[in-house]
Structure formats: structure tokens, C-alpha cells
Amino acid sequence: MSKSLRRLLVVWGLLLVLLALTIATLMLPLGPVAPVATFGIAFAKALLIAWVFMRLSVESGLGRLMAMGAIAWVGVLIVLTALDFAARAMA
Amino acid sequence: MTETAISADDAYRRETDRWGMYLFLASEVMLFGALIGALIACRILYPEAAADASRRLNLWLGTANTAVLLTSSLMVAIAGEAARADRRRVAVGALAAAIGLGLLFLAIKATEYYQEYADGLMPGVADPDPTLTRIEVLFLNGYFVATGLHAIHMLAGIVLLATLAIRVGLGRTRLPGGAHGIELGALYWHLVDMVWVFLYPALYLVRA
């Protein structure tokens, strides 16, 4: 099996392991930390997909910024909105 | 295996194509990011109602669909590698496998939708479930909009992969030069997969 094929298969295996981990977190009494865990695992999956499957590992630095830029801005949108609503919910 | 460019212009053109694709994918991230943000906001404001709504979704079908999509991304990545290595049949076979898995995803989704229709959870159809609260309805509407939009993107991706597979299979697109087109199509497919990877916790895993 070629090296590149093996790399793809390993990443796929890791992705499925992360999926199983996500299900496992549902069994644990995490409480308010639960969304952090599930979205954190989702983020790890996204990073693997982007770095290996989408070949950002062989992309230039500027290309990587371009590819990930939108996620950074959406991250700002979601985090600030979440903080806003969380503060209102507390008040 | 490194990609050999015929000239510096060729490499420049390919880089430009890729960056153009990243820009389009960025607009998709914005689209789904806003939807996911709305779902997260609903969850923060009304945690019990959101959890109740999420529990009405089929967690196992959603999980199966996640596994199906992750495997389809693997197939598309293998197709790209095969195309770069001038292995035409492997490339077409891998694309066909990805298309098959994409259709399986849509079939599972249709099954879920039918079940939700039967349970009276679908907005705008007859016999809504009377036990649903207002916020549960809001969350479920978000579920249908987000997954419906995602399914449309899946269909477009399947058509795209099928076009690539036919062109490469019939020899209209020559490898390894044509691997560039497969790579661009693969980027779109991987993004649709990534969107689902975030939709899954936002919709199915709210059940605290």
C-alpha cells in the first residue's frame, strides 16, 4: 500500500474514532461542558479533513490563511453571539 | 507524489484556481455558519427546549450519516491521489464509491424526514404533534432548514463528482493533468462533509 494511501486511511480511522468519542461523551455527565466537548471534537475532525483530505498541508501559508479565513470570522460571529446570549440568560 | 507543473504559468493558474475555490467555500462557510450560530443561540437561550427537540431526532441515523460522509470524503481523497498518479480506473472507481455513499446519505436522510413527517414534526404539513412547545418547533424548523440546505448541497456535489467521473472515465479529461479538476471538485465535497460534521453536534448532540 502506498504511503499516501496509508496516510488517508489512517486519517479516516482517526475521524471514525473521534465520532465514536463523540458518542461516548453523551454517556458522561458533562453538564455545561458538553457542547465544548462535542464541538471541540467536531473542530478536530474539521482540522483533519482540512489538513490531509483538502491537502492544506501542501498549500502555501497564504493559501492556508485564505482557506481557513472564513472559519475564523464565523468563529468570531458564533463566539460573540454565544457570549451575548449567555450573558442575557444569566441576567 | 509531487505535482509537476509544465511551466511556472501552469502552477500559477492552478494556485489561482484553488484560491478561487477557497473563496467560494468561504461563502458556503458563512452561509452554514450563520445557521449553526442561530442553532447555538437557541440552545443557549432555551437549553431544555432545545434538548427536548434534539431528543426527537434519530441519533443513530444521524451518526450513521456522519460515518457515511466521512467515508465518502476518504473516497474522494483517494480519487484525487489516484488521478495525480495517473491511475484512471482507480480514480473513477473511487469517485463512483463516493457518489454511492452520497446517495446513501440522502436515502438515510429521506428515511429520517419520513419518520419526522409521520411523527408530526415537519412544519407546514398536516397533523402537527400537539405536545411540541413553541421553542421545540423553532429548533426543529432550524433542523429542517439546515439539513435541507445541506442535502441540496450534497445533490450538487453528487452531480459534480458524476461529471468528473464521466469525463475522466471516457477519457475526455486526461490524467494526470486533469487531476486538478478532481482536486477542485474534491475541495467542494470535503467542505460539504465539514458542514455536516458541525451540523451533527449542533442538532443531534444537544440532548444533555
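Quick notes
- Some residue of segment B:172-191 being farther than 25 Å from residue A:55 by Cβ and over 13 Å from the mean Cα position of the chain (by Cα): no
- Of all the listed residues (A:4, A:57), the sole one being modelled with pLDDT of 85 or more, closer than 30 Å to residue B:85 by Cβ and out of contact with any Phe, Trp or Tyr (no Cβ under 6 Å at 6 or more places or on another chain) is A:4.
- Failed criterion for residue B:65 (all others in (1) surrounded by fewer than 22 Cβ atoms within 10 Å (Cβ to Cβ); (2) within 14 Å of the chain's Cα centre (by Cα); (3) more than 10 Å from every other protein chain (Cβ to nearest Cβ); (4) not hydrophobic (A, V, I, L, M, F, W, C) hold): (1)
- Test: residue in segment B:112-128 that is part of a helix (DSSP H, G or I) and within 14 Å of the chain's Cα centre (by Cα): no
- Those residues of segment B:145-160 which are free of Cβ contacts under 8 Å to residues at least 40 places away in the same chain and farther than 18 Å from residue B:33 by Cβ, in sequence order: B:156, B:159, B:160
- Residue among B:194, B:154 that is closer than 28 Å to residue A:51 by Cα, within 14 Å of chain A (Cβ to nearest Cβ) and either open to solvent by 20 Å² or more (accessible area, probe 1.4 Å) or part of a helix (DSSP H, G or I) (or both): B:194
- The helices (runs of 4 or more DSSP H) falling completely within segment B:5-111 that include 1 or more residues that are of a type outside the set (Val, Ile, Thr) and over 30 Å from residue B:136 (Cα atoms) map to B:8-45, B:59-84.
- Subset tally (residues that are more than 8 Å from chain A (Cβ to nearest Cβ) and either open to solvent by less than 40 Å² (accessible area, probe 1.4 Å) or within 18 Å of residue B:121 (Cβ to Cβ) (or both)) for segment B:38-58: 14
- Yes/no for residue B:95 being farther than 19 Å from residue A:47 by Cα, open to solvent by less than 30 Å² (accessible area, probe 1.4 Å), away from chain A (no Cβ under 13 Å) and of a type in the set (A, V, I, L, M): yes
- Condition check for residue B:1: at pLDDT below 95 and hydrophobic (A, V, I, L, M, F, W, C): yes
- Test: residue in segment B:161-168 that is closer than 25 Å to residue A:70 by Cβ, part of a helix (DSSP H, G or I) and hydrophobic (A, V, I, L, M, F, W, C): yes
- Search result, residues across segment A:7-32 that are under 17 Å from residue B:71 (Cβ atoms), at the interface with chain B (Cβ under 7 Å from one of its Cβ atoms) and in contact with a Lys or Arg (Cβ under 8 Å, 6 or more places away or on another chain): A:15, A:19
- Those residues of segment A:33-67 which are surrounded by 15 or more Cβ atoms within 10 Å (Cβ to Cβ), within 9 Å of chain B (Cβ to nearest Cβ) and farther than 16 Å from residue B:201 by Cα, in sequence order: A:49, A:50, A:52, A:53, A:54, A:55, A:59, A:63, A:66, A:67
The values are calculated or read from the model by the stated rules, or taken from the named source; none is laboratory data. Note that the structure is a prediction, hence the values are computed from the model and not measured. Heads up, the Cβs are rebuilt from the backbone with ideal geometry, glycines too, and the neighbour counts pull from every protein chain shown. In case anyone asks, the SASA skips ligands and DNA or RNA and just uses the protein heavy atoms, side chains included. Shrake-Rupley method; radii C 1.70, N 1.55, O 1.52, S 1.80 Å.
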